Amino acid sequence: MSRRRPLPTLEEARLILATKRTRPQHRPPPPAGRGLGRFVKELDAKYGQGSGALTARWREVVGEEIARRTEPVKLVRGRNGAPSSLEIRVAGPAAAIIQHKAHEILARVNLFLGAEAVQKLRIVQGPLQRVEPPAPTRRRSTPLDAALEAQLKDGLAEAPDGKLKDALLALGRGVLKRHGQG
């Protein structure tokens, strides 16, 4: 049987801890995002821009008319020499029009992503998922001074009532406000 070593005294333990280095505390691994950021940048530099850049600049790449009816869904890279394909969502009956413009869309996408980046276009019908920016709200303009409004109405008193008279009143108000008389 083996003999047990006697435990050090309190003074001996302090001396041992003061002179010997202990193991560093176990540290957890760094967050995955920290290491992946550099790796993703290297891949982006090596293989070009991905579908994220295409989505962000879709309107510029394909043009206003096509972008209004479509949106990119995903870019599937081909494996082992298989062709890459781009899946786009098309709003309703515009799919036939987009199908006829497939070659033009592919040419524009390849111009953006790089030569032969996408060889096939897959069209999926469905509602567009993007959120349109809200329409700008009109500011309410301040009304004309009561005297100017009366003078404007007197000038158009002989005009027959209807759309033309209303349009002329609106035009007169706009001109007077623009020239700072209102």
Just give me the residues in the stretch 74-94 being on the phi < 0 side of the Ramachandran plot, touching a strand residue (DSSP E or B) at 6+ places or on another chain (Cβ under 8 Å) and surrounded by fewer than 18 Cβ atoms within 10 Å (Cβ to Cβ), in sequence order. 74, 76, 78, 83, 84, 85, 87, 91, 94
Could you check residue 123 against (1) out of contact with any Asp or Glu (no Cβ under 9 Å at 6 or more places or on another chain); (2) without any contact (Cβ under 8 Å) to a residue 40 or more places away in the chain and say which number it fails? (1)
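Across the stretch 140-170, which residue is nearest to residue 180 (Cα to Cα) among those that are in contact with a Leu (Cβ under 8 Å, 6 or more places away or on another chain) and in a loop (DSSP other than H, G, I, E, B)?
First, pick out the residues of the stretch 140-170 that are in contact with a Leu (Cβ under 8 Å, 6 or more places away or on another chain): 144, 148, 152-153, 156, 159, 165, 168-169.
Subsequent filtering for residues that are in a loop (DSSP other than H, G, I, E, B) retains 144, 156, 159.
On the way: 144: 10, 156: 21, 159: 26 Å.
Among those that are in contact with a Leu (Cβ under 8 Å, 6 or more places away or on another chain) and in a loop (DSSP other than H, G, I, E, B), it is 144.
Select, from 89, 38, 59, the only residue that is outside any loop (DSSP other than H, G, I, E, B), without any contact (Cβ under 8 Å) to a residue 40 or more places away in the chain, closer than 21 Å to residue 125 by Cβ and basic (Lys, Arg). Walk me through how you get there before you give the answer.
Details: 89 fails: without any contact (Cβ under 8 Å) to a residue 40 or more places away in the chain; 38 fails: closer than 21 Å to residue 125 by Cβ.
Going through 89, 38, 59 in turn, just one is outside any loop (DSSP other than H, G, I, E, B), without any contact (Cβ under 8 Å) to a residue 40 or more places away in the chain, closer than 21 Å to residue 125 by Cβ and basic (Lys, Arg): 59.
Name the single residue, out of those in the stretch 103-123 being part of a helix (DSSP H, G or I) and surrounded by 14 or more Cβ atoms within 10 Å (Cβ to Cβ), that is modelled with the lowest pLDDT.
Among those residues, the one meeting the criterion is 113.
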Just to be sure I understand, how many residues within the stretch 79-120 are closer than 20 Å to residue 60 by Cβ and not β-branched (Val, Ile, Thr)? 19
If you go through the stretch 98-117 one residue at a time, how many are aliphatic (A, V, I, L, M) and closer than 14 Å to residue 83 by Cα? 3
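The values are calculated or read from the model by the stated rules, or taken from the named source; none is laboratory data. For clarity, every value in this text was computed on a predicted model and none was experimentally measured. Glycine also receives a Cβ, built like all others from the backbone with ideal geometry; neighbour counts cover every protein chain displayed.
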